[in-house]
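The values are calculated or read from the model by the stated rules, or taken from the named source; none is laboratory data. The model shown is predicted, which means the values in this text are computed figures rather than measured ones. Cβ coordinates were reconstructed from backbone atoms using ideal geometry, including for glycine residues, and neighbour counts include every protein chain displayed. Ligands, DNA and RNA are excluded from the accessible area calculation, which covers all protein heavy atoms including side chains. Shrake-Rupley method; radii C 1.70, N 1.55, O 1.52, S 1.80 Å.
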Amino acid sequence: MRLDILTLFPNMMTMFFEESILKRAQKRGLVEVHFHDLHNYSLTKYGSVDDYPYGGAAGMVMCVEPIANCIEKLQAERTYDDIIYTAPDGEMLSQPLANQLSLKQSLMVLCGHYKGVDERIREHFITREISIGDYVLSGGELAAAVIADAVIRLVPGVIGDEQSALADSFQDGLVAPPEYTRPPEFRSWHVPDVLLSGNHAKIEQWRMEQAIARTKERRPELLKKQ
Ligand code: ADE
């Protein structure tokens, strides 16, 4: 998968991709991530990328030209499956959406800022708008990093043990069951016996019961969706 991220603040983003699973995915050639600083596509001498909104509202709007220039340069090099805009009024990010995006070959993500982008960008270039929650961030960079993380870890081969991604919370509409590791006893706090029993069928059954009980307790609305 190739991911192109268009942002006013590339430095804010790069660190997320330089550690752990995201770093390994790139090193192993499974994912390529490229950052594009929109200041470099400005038409003005000072590299300005925003301007006052028509009609006199408060705040600044990201200008159409630098974004259109950047998107079109990238589109001339390859085809994109989706051009995503991060926005609080977009479709809510969910595990099924992350699954769907993880199967794409090339994605572009435009990070919004200030009051947002000139609407003509949304009308003419954006194919998908994604929100990461019902709250307003000061910019789309964190949202783009969240989307990239949720998607990249699902790209086939990124997580060594494929089972591990499949067993994630939400993957089967349930939250994940509790996990334990060594030691089996700490301050007289015991790991449940069944996990030490070696009986895989029983362990699976216990995990499923725990997942259902936890979902009922913590996220009952997930059970109603099924
Ligand atoms: N930009 C600002 N707030 C956002 C949100 N909640 N999700 C995605 N992009 C955003």
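Can you pull out every residue in segment 14-36 that is assigned to a helix (DSSP H, G or I) and in contact (Cβ under 8 Å) with a residue 12 or more places away in the chain? Reasoning before the result, please.
Let us first name the residues in segment 14-36 that are assigned to a helix (DSSP H, G or I), namely 14-18, 20-27.
Of everything in segment 14-36, those that are assigned to a helix (DSSP H, G or I) and in contact (Cβ under 8 Å) with a residue 12 or more places away in the chain turn out to be 14, 16, 17, 21, 22, 24, 25.
What are the residues in segment 93-113 that are surrounded by fewer than 20 Cβ atoms within 10 Å (Cβ to Cβ) and either more than 10 Å from the ligand (Cβ to nearest atom) or part of a helix (DSSP H, G or I) (or both), if any? Before the answer, list the steps.
The initial filter retains those residues of segment 93-113 that are surrounded by fewer than 20 Cβ atoms within 10 Å (Cβ to Cβ), namely 93-97, 99-100, 102-106.
Listed by number, the residues that qualify are 94, 95, 96, 97, 99, 100, 102, 103, 104, 105, 106.
This table checks each residue for (1) open to solvent by less than 20 Å² (accessible area, probe 1.4 Å); (2) out of contact with any Asp or Glu (no Cβ under 8 Å at 6 or more places or on another chain); (3) within 16 Å of the ligand (Cβ to nearest atom).
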| position | (1), (2), (3) |
| --- | --- |
| 131 | yes, no, yes |
| 165 | yes, yes, no |
| 172 | no, yes, no |
| 183 | no, yes, no |
| 191 | yes, no, no |
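For the list (1) under 22 Å from residue 33 (Cβ atoms); (2) among the aliphatic types (A, V, I, L, M); (3) within 8 Å of the ligand (Cβ to nearest atom); (4) open to solvent by 10 Å² or more (accessible area, probe 1.4 Å), I need the number of the one condition that residue 136 fails.
(1)
Given the options 128, 182, name the one that is assigned by TED's automatic domain parsing to the domain that holds residue 16 and basic (Lys, Arg).
On inspection, the qualifying residue turns out to be 128.
Filter segment 79-92 down to the residues that are surrounded by fewer than 19 Cβ atoms within 10 Å (Cβ to Cβ) and among the aliphatic types (A, V, I, L, M) and list them by number.
The one that is surrounded by fewer than 19 Cβ atoms within 10 Å (Cβ to Cβ) and among the aliphatic types (A, V, I, L, M): 92.
Just give me the residues in segment 61-78 being assigned to a loop (DSSP other than H, G, I, E, B) and open to solvent by 50 Å² or more (accessible area, probe 1.4 Å), in sequence order.
The first filter runs over segment 61-78 and keeps only residues assigned to a loop (DSSP other than H, G, I, E, B), leaving 63, 78.
Of everything in segment 61-78, just one residue is assigned to a loop (DSSP other than H, G, I, E, B) and open to solvent by 50 Å² or more (accessible area, probe 1.4 Å), namely 78.
Of the residues in segment 139-157, how many are more than 7 Å from the ligand (Cβ to nearest atom) and not in a loop (DSSP other than H, G, I, E, B)?
So in segment 139-157, the residues more than 7 Å from the ligand (Cβ to nearest atom) come out as 141-142, 144-157.
Cutting the leftovers down to not in a loop (DSSP other than H, G, I, E, B) gives us 141-142, 144-152.
Selection size over segment 139-157: 11.
Assuming residue 196 fulfils every condition listed in (1) more than 28 Å from the chain's Cα centre (by Cα); (2) within 19 Å of residue 164 (Cβ to Cβ); (3) of a type in the set (A, V, I, L, M, F, W, C) apart from one, which condition is it?
Residue 196 satisfies every listed condition except (2).
Surrounded by fewer than 14 Cβ atoms within 10 Å (Cβ to Cβ), of a type outside the set (A, V, I, L, M) and at pLDDT below 95, is that true of residue 29? Please lay out each step first, then the result.
Working: surrounded by fewer than 14 Cβ atoms within 10 Å (Cβ to Cβ): yes; of a type outside the set (A, V, I, L, M): yes; at pLDDT below 95: no.
No, not satisfied.
Of all residues being assigned to a helix (DSSP H, G or I), over 20 Å from residue 96 (Cβ atoms) and among the small types (Gly, Ala, Ser) in segment 198-226, which is most open to solvent (accessible area, probe 1.4 Å)? Just the residue, please.
This residue is 201.
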